[in-house]
Structures are given as structure tokens and as C-alpha cells.
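Data block below; observations after.
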Amino acid sequence: MRARLLVFLAAAFTALTAAAQALNDIEFEGRLKRLEAELRCLVCQNQTLADSNAPLAEDLRREVRALATSGKSDAEIKQYLVARYGDFVLYKPPLQRNTWLLWIGPFGLLLGGGIVWCAILRRRNGAAVEDDKEASGASPEDAVTRARQAIYEEP
């Protein structure tokens, strides 16, 4: 009876250990996926390391896995890759003096486009107001004549 109990306890302990290991593996894989999503493929340049199929991306994924299994933290892994490849390896580069244009440039372009759009609308509205003033100051016959001329002049 004791032998059966010992065998049962050993099997239960093994099953619990395997379940804990599987949970740790799932957490570890999730950590690697998050890291790979924050890193840029150096060949593709517009894809994350997780999305790229380039040979260099596979090498970098293996390197990230090796660093993670050696006990390095996410910040240490990123620091290592930045020291080796520069800030470009980060998919979201930090806000620094040399990256201000990357962060502020799109907003500047959007603002400039809005200013140009407003200027165009003002010119159109100003031209329409001037046409209305000219039409109201002339006799009705002149307005009809101008309207007919405008119809015939259009191609």
C-alpha cells in the first residue's frame, strides 16, 4: 500500500513540475514575442523582428533568445543590441536630440498642410465674395450676359 502511495505521489509531483515548467515556457515565449515586437529588422527596416523572415532577423531572434535564457533582463538585452547596432534597432526610437525630427516632423507636416488648406479655402471664399459684389453692383442684364458668356466659354 505504501509503495502505491509513494508511486502516486512521485507521479503527481512529476506532473506538477511539468505543468509549472510549461507555464514558465509560455511566459518565457510571451516575453520573447514582446521583445521581438519592440525590435526592428535591420534588413526590412519597416518590420518588427517578430514579423520579418529575413535571415538576419532569424539570427537576431536566436541572439535575443540566447541572451534571455542567460538571465538578462529586457532592458539589458535592448542595451546590448543598441550598443551593437545603434538606436535604429529599436522599433520606437527614444526621444533624443538626434531623433526630434522623427517625433515632431509628422506633426509639423500636418500643421503645414492645415495652414495651406485654410489659405486655399480663404482665397476661394474671397473670390466668390468678390464675384457676388460685382454681380450685385451691375444691372440684371449684365449679370445674365456674364452668365451666358461663362457657359459658352467653358470647354
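Observations
- Residue within the range 45-56 that is on the phi > 0 side of the Ramachandran plot and not β-branched (V, I, T) present: yes
- Inclusion of L16 among residues that are modelled with pLDDT under 85, in contact with a strand residue (DSSP E or B) (Cβ under 8 Å, 6 or more places away or on another chain) and among the hydrophobic types (A, V, I, L, M, F, W, C) is not warranted.
- Flag for A128 being at pLDDT 85 or above, assigned by TED's automatic domain parsing to the domain that holds R146 and either under 30 Å from R148 (Cβ atoms) or part of a helix (DSSP H, G or I) (or both): no
- If only residues of the range 67-94 that are of a type in the set (A, V, I, L, M, F, W, C) and loosely packed, with under 11 Cβ neighbours inside 10 Å are counted, the one that is farthest from the chain's Cα centre (by Cα) is A83.
- The set of residues from the range 41-72 being aliphatic (A, V, I, L, M) and assigned to a helix (DSSP H, G or I) comprises L56, A57, L60, V64, A66, L67, A68.
The values are calculated or read from the model by the stated rules, or taken from the named source; none is laboratory data. Predicted model, so just to flag it, every value in this text is computed and none were measured. Virtual Cβ from ideal backbone geometry, glycine too; neighbours counted across all protein chains shown.
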